[in-house]
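The values are calculated or read from the model by the stated rules, or taken from the named source; none is laboratory data. The model shown is predicted, which means the values in this text are computed figures rather than measured ones. Using ideal geometry, Cβ is built from the backbone for each residue, glycine included, and neighbour counts are taken over all protein chains shown.
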Amino acid sequence: MDWNEIIAGVLAAGIPMAVPLLLVALGEMFNQRAGMFNLGAEGIMMMGAFVAFFIDLKFQMPWLGLGLAMVVGALFGLLISLTCVTLRAAQGISGIGIHMLGWGISGTLFRVYVGGPTPVEGIAALNLPYVSKIPSVGPVLATLNPMDYIAFLLIPLSSWLLFRTSWGLKVRAVGTTPRAADTLGIDVNKIRLQCVVLAGVFAGLAGGYLSVCQAKIFADNLTAGRGFIAVALVYFGRWSPWGVTGGAVLFSLAAAAQRLIQFYGVEFPYELALIVPYVLVILVLALSPTRSRLEPAALGKPYYREHRG
């Protein structure tokens, strides 16, 4: 076996697999930093995936499809804000409801207006000739999708937004001590609404990426649990954009490696290879001693301005 070929194969498969996880996890990171917990990302991803796929199928405009997927994600974010911020419903149960709603609507629309598996042209890889000359990783980087580059550019942007802007300071304050933030004149509910909508936009974009950039098709269970994995990756990454990125990349490279193990016929139990990425994330979460210290103190807790003390 050529190890350079194996490493290139793992990177070529792992980087695109990391992108949807990264997008959802970055949005969920902002969400949780503001004290909001959302288990509905999977349903939002399914809606984004269908909208992007359908627009590409009917109009051959995948970029428009991605844009509308983000709009749909924002609308679902507004719905979550209504139920969890305004009406103060239990965030966990509301998230499950959003998950089921997104899955149900996307599946129904697909069966009514499409009917069966239908491929779309989607967004093609860049095929950059100059980048391909970079040693080792060049051939991999040269064939990535434009959205892959955009997704990774969002990492430093998210870090700057969270840690270098007044808005990011407000987000962190609202997620840690909302009462103190309110006392300083910060509108807690407004900040939480903004973060929930932003998370919805990211989740919708991630779903659109799956259908028009990666799979180039829509099907039931296209998201394959990525929305729930992304929630775990936020904990894995300690509510930091770079930490979340590390978790998404590590999980995806492990998943890509287990696929290559099967492809190259390495003598390793197939069933064990499948669970390696998930076991890896669980072990890191379980063995880390600093999670409780870094977790936003108000995470999952509704804010009642009228309550004092």
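Of the set (1) more than 24 Å from W63 (Cα to Cα); (2) not in a helix (DSSP H, G or I), all apply to V244 but (2). Annotation: I55 fulfils all but one of (1) touching a Gly at 6+ places or on another chain (Cβ under 8 Å); (2) buried (at least 22 other Cβ atoms within 10 Å of the Cβ); (3) in contact (Cβ under 8 Å) with a residue 40 or more places away in the chain; the unmet one is (3). Residues of region 206-231 that are surrounded by 19 or more Cβ atoms within 10 Å (Cβ to Cβ), among the aliphatic types (A, V, I, L, M) and farther than 13 Å from P62 by Cβ: A206, L222, I229, A230, V231.
Considering I96, I105, I123, the condition of being modelled with pLDDT of 95 or more, surrounded by 13 or more Cβ atoms within 10 Å (Cβ to Cβ) and closer than 26 Å to L222 by Cβ is satisfied by I105 alone. Restricting attention to region 292-306, does a residue exist that is surrounded by fewer than 14 Cβ atoms within 10 Å (Cβ to Cβ), modelled with pLDDT under 70, assigned to a helix (DSSP H, G or I) and of a type outside the set (D, E)? Yes, because at least one residue in region 292-306 is surrounded by fewer than 14 Cβ atoms within 10 Å (Cβ to Cβ), modelled with pLDDT under 70, assigned to a helix (DSSP H, G or I) and of a type outside the set (D, E).
Inclusion of I105 among residues that are on the phi < 0 side of the Ramachandran plot, among the hydrophobic types (A, V, I, L, M, F, W, C) and in contact with a Pro (Cβ under 8 Å, 6 or more places away or on another chain) is not warranted. Does A69 count as of a type in the set (A, V, I, L, M) and at pLDDT below 95? No: the conditions fail for A69. Given the criteria within 14 Å of the chain's Cα centre (by Cα) and aliphatic (A, V, I, L, M), does M61 qualify? When the stated conditions are applied, M61 does not pass them. Flag: F53 does not match the condition of being touching a Cys at 6+ places or on another chain (Cβ under 9 Å) and at pLDDT 95 or above.
Restricting attention to region 178-188 and to residues that are part of a helix (DSSP H, G or I) and charged (D, E, K, R), the residue that is farthest from A297 (Cα to Cα) turns out to be D182.
The criterion of at least 1 residues that are touching a Ser or Thr at 6+ places or on another chain (Cβ under 6 Å) and of a type in the set (S, T, Y) is met, among helices (runs of 4 or more DSSP H) falling completely within region 68-177, by 91-113.
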